[in-house]
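Following: one structure in structure tokens, then a few remarks.
The values are calculated or read from the model by the stated rules, or taken from the named source; none is laboratory data. Note that the coordinates shown come from a computational prediction; the quantities given were computed from them, not determined experimentally. For neighbour counting, all protein chains shown are included, and Cβ atoms are generated from backbone atoms with ideal geometry for every residue, glycine included. Note: areas computed on protein heavy atoms with side chains; ligands, DNA, RNA excluded. Shrake-Rupley method; radii C 1.70, N 1.55, O 1.52, S 1.80 Å.
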Amino acid sequence: MERKVLIAVDESINSMWVVDYAVRISHLVEDLKYTLMTIQPPIPPFLSDEAGRDSKARAELLKMRKRNEEAAEKLLEKYKARMKDQGVEEGRIDAYSQPKRLGVAQDILGKAEMDLYDAMLIGRRGLTRTQQLFIGSVSNAVVTNAKSVPVWIIDGEISSMKILVAVDGSQASLRAVDHLSHMVQGNPEVEITFLHVSPKLLDYCTIDLKQEDASTLESALREEAGKCIDDFIGKARSLLSEAGISEDQVRFKSKTTKLAVARAIKDEAARGGFGTVVVGRRGEQKAFFMGSVSNKLLQTMGKCALWITV
């Protein structure tokens, strides 16, 4: 089964890391087809207005448009050549650019959702203020506004192909498992670890309680979360089995910690040498609030690929 991903790139080194990750992940995600995409700078409105009245302005507009198109084509060809040098067949790489229309994030999302991509890839940040035009605030906007296509946020050079899936028992977590199952379907080499961080009362309530009351509520909360995650594990195993992933490729891990949930996930990823972390964008009123966790991971997670499903 062919899967297709949209890779948003600019001139930054982060885009180079995004492209390299897209190539390396093909060892786990088979039959990948890639579209490299970049957004051209917009034409100044005053020049467009003048072009309708003045032939010189019209000629200047055409020159600017041509320069932007040529620069975009050169950039895309550079990344295409890099992918080919790493063994990707030319026929599996498409290139696409367009002038900025609604906004960089909106234009990326429009392409990804209209053409039904399985995932879109983007760097988490740029190295300079200029690069923030494309990377950084744009990645936040893409994640926040994505309606149907999962977003893979890449930060740094990634070599590990180990996958950590942070789950809370919610439907959002189950959608994360479904996306992962679809992408790695039938691959006997993939290694997946599911991590459930037991919730604390503080994750739900900041009101000071008596020690006895707090302990009682904490115990009830963990018991409820335990039942929820037990039910979730059965459903997750079923999805993975249907995707051809055997039980010996999967490990389930649950931990209790005093750390915030996002920090616990980050620490686990670092200690375990995971190159990819998968998380649902929105949680529910069980376990922990995955929405705030995914936002925190988006802002702070480094040296890994963060898959955020919607």
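Against the conditions (1) at pLDDT below 90; (2) touching an Asp or Glu at 6+ places or on another chain (Cβ under 7 Å); (3) open to solvent by less than 20 Å² (accessible area, probe 1.4 Å), where does Pro199 fall short? Just the number, please.
(2)
Can you tell me which residue among Glu268, Glu218 is open to solvent by less than 80 Å² (accessible area, probe 1.4 Å), in a helix (DSSP H, G or I) and at pLDDT below 70?
Glu218
What number of residues in region 20-74 are of a type in the set (Ser, Thr, Tyr) and modelled with pLDDT under 80?
Here the count works out to 2.
Which of the residues that make up region 136-159 are of a type in the set (Ser, Thr, Tyr) and open to solvent by 30 Å² or more (accessible area, probe 1.4 Å)?
Ser137, Thr144, Ser148, Ser159, listed by residue number.
Those residues that are in contact (Cβ under 8 Å) with a residue 60 or more places away in the chain and in a helix (DSSP H, G or I), I need them from region 91-107; list them, please.
Once the filter is applied, which keeps residues that are in contact (Cβ under 8 Å) with a residue 60 or more places away in the chain and in a helix (DSSP H, G or I), region 91-107 yields Arg92, Val104, Asp107.
Which one is most open to solvent (accessible area, probe 1.4 Å) among residues in region 95-116 that are farther than 16 Å from Val310 by Cα and acidic (Asp, Glu)?
The residue in question is Asp115.
Go through region 1-14 and count every residue that is open to solvent by less than 10 Å² (accessible area, probe 1.4 Å) and either part of a loop (DSSP other than H, G, I, E, B) or modelled with pLDDT under 95 (or both).
3
Condition first: open to solvent by 20 Å² or more (accessible area, probe 1.4 Å) and over 16 Å from the mean Cα position of the chain (by Cα). Now tell me which residues in region 175-194 satisfy that.
Gln185, Gly186, Pro188, Glu189, Glu191
Test Asp168 against the stated conditions and say whether it is modelled with pLDDT under 95, surrounded by 23 or more Cβ atoms within 10 Å (Cβ to Cβ) and touching a Lys or Arg at 6+ places or on another chain (Cβ under 7 Å).
Here the answer is yes, as Asp168 does meet what is asked.
Going by the conditions given, is Arg251 at pLDDT 95 or above and closer than 13 Å to Thr193 by Cα?
Judged against the criteria, Arg251 is a match.
With the structure loaded, tell me whether Val88 is assigned to a loop (DSSP other than H, G, I, E, B) and either buried (at least 19 other Cβ atoms within 10 Å of the Cβ) or at pLDDT below 90 (or both) or whether it fails that test.
Yes: the conditions hold for Val88.
Give all pairs with beta carbons closer than 9 Å in which a residue from region 63-80 that is farther than 18 Å from Ser12 by Cα and without any contact (Cβ under 8 Å) to a residue 24 or more places away in the chain meets a residue that is of a type outside the set (Gly, Ala, Ser) and not in a helix (DSSP H, G or I); count only pairs at least 6 apart in sequence or on separate chains.
That search, which allows pairs on different chains as well, returns Met64/Pro41; Met64/Ile43; Met64/Pro44.
Regarding Leu75, is this residue surrounded by 20 or more Cβ atoms within 10 Å (Cβ to Cβ) and within 30 Å of Val278 (Cβ to Cβ)?
Spelling it out, it is not the case that Leu75 is surrounded by 20 or more Cβ atoms within 10 Å (Cβ to Cβ) and within 30 Å of Val278 (Cβ to Cβ).
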